[in-house]
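To start, the structure under review is shown below, and the notes come after it.
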Amino acid sequence: MSLILKGGKIVSYKITYFSDIKVDGEKIVEIGENLESKDCEIVDVSGSYIIPGGVDTHTHFDLDTGTTITADDFISGTKAAIAGGTTTILDFATQSKGKSLKAGLEEWHHKARNKAYCDYGFHMAITDWSDSVCDEMDEMIKQGVSSFKLYMAYKGTLQVDDSVIYKALEKSKNIGAIIGFHCENGDLVCELVDKNLKENHISPQYHAASRPPMLEAEATSRLMKIAEITKSKVCVVHLSCKESLDEVLKAKERGVDVVVETCPQYLLLNEDKYKLEGFEGAKYVMSPPLRNVKNNDILWKALEQNQIDTIGTDHCSFNYKKQKELGMEDFSKIPNGAPGVEHRVGLLYTYGVSTNKISINRMVELLSTNPAKIYGLYPQKGAIEVGSDADLVVLNPNKTKVIKAEDQVQNVDYTPYENYRLNCEIERVYLRGKEVSRNGKVIDNFPTGKYLKRSSN
Ligand code: URP
Ligand code: ZN
Ligand code: ZN
């Protein structure tokens, strides 16, 4: 049966307008006023915004860190995504050392197959470079993996050196791919971690002390210079601070083709969390760490001024009990990461749009349209247009909600946003025309998310 959403305010990245939307099967088939049709389910959404389904291009579900596995797998992670208005995620398939990219991709397909409640795709993280891995990048493109990831930190496990960055960027330019970078100087992080531990500085605050903004800025600056030499398109993921942003802005002036992602945690939280009583600070141990509060405003301004292009969550959840506690005696053993996929849209609406920091159109651009465009999914995703997938989010701005870990869909025992008030409710979420979530609760009984083959440039 087809569906008509009536009376809502449609939000695109450019304009907001009243119109009805008709959906047939999985697609939007008509947008116009006073749409009527027999044999059609009519849903009155007056008073609400209709925004395109969120696209979160930075999640880590079912990730084995070597010491523990993320609390959310593809079942709970994608359920949390749809509950919060995100209908597409891109997760990081990761090459194991000594293995091929193909093996890494198959492993991630296995983790996600028949488990995803939203649509999904993969970036491919390269951790062990060789000529054959370079050749395999072509095959990844054929498999719909048009973006890659390189880590400049996590020495000994994920980190790659400058010559790998250079070679991978040369290759990515030739195949029309984009590479996202975790920018922190991993060698110096290791030195500072060792220094702190030698001085018996073992608590969570020393995680932040070992990863100062300068180390993020240094890696960002180095990346900008390598990308300038290779003339390749790059993405700086989870940018957290002014120092790193300044390097990006200088590089843009030199003509470097760079896009930037930040995350809600760097907009809404700050390093004071590491001063919390007892071991509570461990909940906020992530890389890069939370920064000085001044950075929050700087990043909001950068969003408003088009200096930052997307907001992903870097959802990488570990329970406080038993998982974060692995680092009770040594901050460097606290698994890095925090949950966020469920609350991205509500937080951005409340603390960005309701407070007039950004327009609702800019919110849609940052959460949905730009991620879809950058990662080869537009206009199938990221748009409310005839022919686009009917991934639709009905956001009611007249309701409120308070975030509580005990109510969340994410399978983790805390949220960094406990007691944060939301000035909206994600009332209905449609994935390719099917209602999958109502009032923040998943109503789909089985996983209908599809793998998305993405295009390259
Ligand atoms: O702390 C974080 N961000 N964990 C996830 C892995 C990464 O660096 O993105
Ligand atoms: Zn990272
Ligand atoms: Zn990440």
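The values are calculated or read from the model by the stated rules, or taken from the named source; none is laboratory data. It should be emphasised that the depicted structure is a prediction, and the values quoted were computed from it without experimental measurement. Cβ placement follows ideal geometry from the backbone for every residue including glycine, while neighbour counts extend to all protein chains displayed.
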Worksheet item: Out of (1) over 21 Å from TYR414 (Cβ atoms); (2) in contact with a Ser or Thr (Cβ under 8 Å, 6 or more places away or on another chain); (3) among the polar types (S, T, N, Q), what's the single condition that is false for SER240?
Response: (1)
Fill in: Test set (1) under 20 Å from LEU452 (Cβ atoms); (2) under 18 Å from the mean Cα position of the chain (by Cα) - LEU150 fails condition number
(1)
Response to the item:
Filtering the range 368-394 down to residues that are within 13 Å of VAL55 (Cα to Cα), among the charged types (D, E, K, R) and not in a helix (DSSP H, G or I) yields LYS381, ASP389, ASP391
Worksheet, complete the sentence: When the range 32-78 is checked residue by residue, the ones that are within 16 Å of ligand 1 (Cβ to nearest atom) and loosely packed, with under 14 Cβ neighbours inside 10 Å are ASP64, GLY66, THR67
Worksheet item: Are there any pairs, at least 6 apart or on different chains, whose C-beta atoms fall under 7 Å, with the first in the range 89-103 and within 15 Å of ligand 2 (Cβ to nearest atom) and the second among the small types (Gly, Ala, Ser), and if so, which?
Response: LEU90/GLY121; PHE92/ALA125; ALA93/GLY104; ALA93/ALA125; THR94/GLY104; THR94/ALA125
Worksheet, complete the sentence: Selection from the range 202-245 of residues assigned to a helix (DSSP H, G or I), more than 16 Å from ligand 2 (Cβ to nearest atom) and under 22 Å from the mean Cα position of the chain (by Cα) yields MET224, LYS242, GLU243, LEU245
Worksheet entry | Restricting the range 69-97 to residues that are within 16 Å of ligand 3 (Cβ to nearest atom) and of a type in the set (Val, Ile, Thr), the residue that is nearest to HIS109 (Cα to Cα) | THR94
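Working only within the range 1-23, note down all residues that are touching a strand residue (DSSP E or B) at 6+ places or on another chain (Cβ under 7 Å), more than 13 Å from VAL393 (Cβ to Cβ) and at pLDDT 95 or above. Lay out the reasoning, then the answer.
Looking only at the range 1-23, we keep the residues that are touching a strand residue (DSSP E or B) at 6+ places or on another chain (Cβ under 7 Å), and these are 1-11, 16-23.
Okay, now just the ones that are also more than 13 Å from VAL393 (Cβ to Cβ), so 1-4, 6-7, 16-20, 22-23.
Residues satisfying the conditions are LEU3, ILE4, LYS6, GLY7, THR16, TYR17, PHE18, SER19, ASP20, LYS22, VAL23.
Before we move on, is VAL293 surrounded by fewer than 20 Cβ atoms within 10 Å (Cβ to Cβ), under 23 Å from the mean Cα position of the chain (by Cα) and among the aliphatic types (A, V, I, L, M)? Steps first, answer last, please.
On the way: surrounded by fewer than 20 Cβ atoms within 10 Å (Cβ to Cβ): yes; under 23 Å from the mean Cα position of the chain (by Cα): yes; among the aliphatic types (A, V, I, L, M): yes.
For VAL293, the condition - surrounded by fewer than 20 Cβ atoms within 10 Å (Cβ to Cβ), under 23 Å from the mean Cα position of the chain (by Cα) and among the aliphatic types (A, V, I, L, M) - is met.
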Worksheet item: Has the range 250-264 got at least one residue that is in contact (Cβ under 8 Å) with a residue 40 or more places away in the chain, assigned to a loop (DSSP other than H, G, I, E, B), more than 20 Å from ASP162 (Cα to Cα) and touching a helix residue (DSSP H, G or I) at 6+ places or on another chain (Cβ under 7 Å)?
Response: no
Response to the item:
Among strands (runs of 3 or more DSSP E) entirely inside the range 86-157, those with 3 or more residues being out of contact with any strand residue (DSSP E or B) (no Cβ under 8 Å at 6 or more places or on another chain) are none
Item to complete: Kindly indicate which of LYS441, LYS381, LYS401 is without any contact (Cβ under 8 Å) to a residue 60 or more places away in the chain, basic (Lys, Arg) and in contact with a helix residue (DSSP H, G or I) (Cβ under 9 Å, 6 or more places away or on another chain).
Response: LYS401
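Select from the range 333-349 the residues that are outside any helix (DSSP H, G or I) and within 14 Å of the chain's Cα centre (by Cα) and list them in ascending order. I'd like the intermediate steps shown before the answer.
Here is the first cut: in the range 333-349, the ones outside any helix (DSSP H, G or I) are 334-343.
Of everything in the range 333-349, those that are outside any helix (DSSP H, G or I) and within 14 Å of the chain's Cα centre (by Cα) turn out to be GLY337, ALA338, PRO339, GLY340, VAL341, GLU342, HIS343.
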Worksheet, complete the sentence: Scanning the range 70-84 residue by residue, those closer than 19 Å to GLY53 by Cβ and touching a Cys at 6+ places or on another chain (Cβ under 7 Å) turn out to be THR78, ALA81, ILE82
Worksheet item: Is it the case that the range 287-310 has a residue that's farther than 21 Å from ALA153 by Cβ, among the β-branched types (Val, Ile, Thr), out of contact with any Cys (no Cβ under 6 Å at 6 or more places or on another chain) and within 16 Å of ligand 2 (Cβ to nearest atom)?
Response: no
Practice prompt. Tell me which residues, restricted to the range 314-332, are more than 10 Å from ligand 1 (Cβ to nearest atom) and either under 12 Å from the mean Cα position of the chain (by Cα) or not in a loop (DSSP other than H, G, I, E, B) (or both).
Written response: LYS324, GLU325, LEU326, GLY327, PHE331, SER332
Worksheet item: Say we look at the range 282-291 and pick out the residues that are farther than 11 Å from TYR320 by Cβ and touching a residue at least 60 places away in the same chain (Cβ under 8 Å); which of these is farthest from ligand 3 (Cβ to nearest atom)?
Response: ARG291
Worksheet, complete the sentence: Pairing a residue in the range 318-344 that is at negative phi and of a type in the set (Gly, Ala, Ser) with any residue that is assigned to a loop (DSSP other than H, G, I, E, B) and more than 16 Å from ligand 2 (Cβ to nearest atom), where Cβ atoms lie under 6 Å and the two sit 6 or more apart in sequence or on different chains, gives ALA338/PRO416
Worksheet item: Applying the selection to the range 310-349, what residues are more than 13 Å from CYS263 (Cβ to Cβ), of a type in the set (Asp, Glu) and crowded, with 20+ Cβ neighbours inside 10 Å?
Response: GLU342
Practice prompt. For the range 171-201, enumerate the residues that are of a type in the set (A, V, I, L, M, F, W, C), more than 16 Å from ligand 2 (Cβ to nearest atom) and part of a loop (DSSP other than H, G, I, E, B).
Written response: ALA177
Item to complete: Collect the residues in the range 350-367 that are assigned to a helix (DSSP H, G or I) and more than 14 Å from ASP56 (Cβ to Cβ), keeping them in residue-number order.
Response: THR350, TYR351, GLY352, VAL353, ILE360, ASN361, ARG362, GLU365
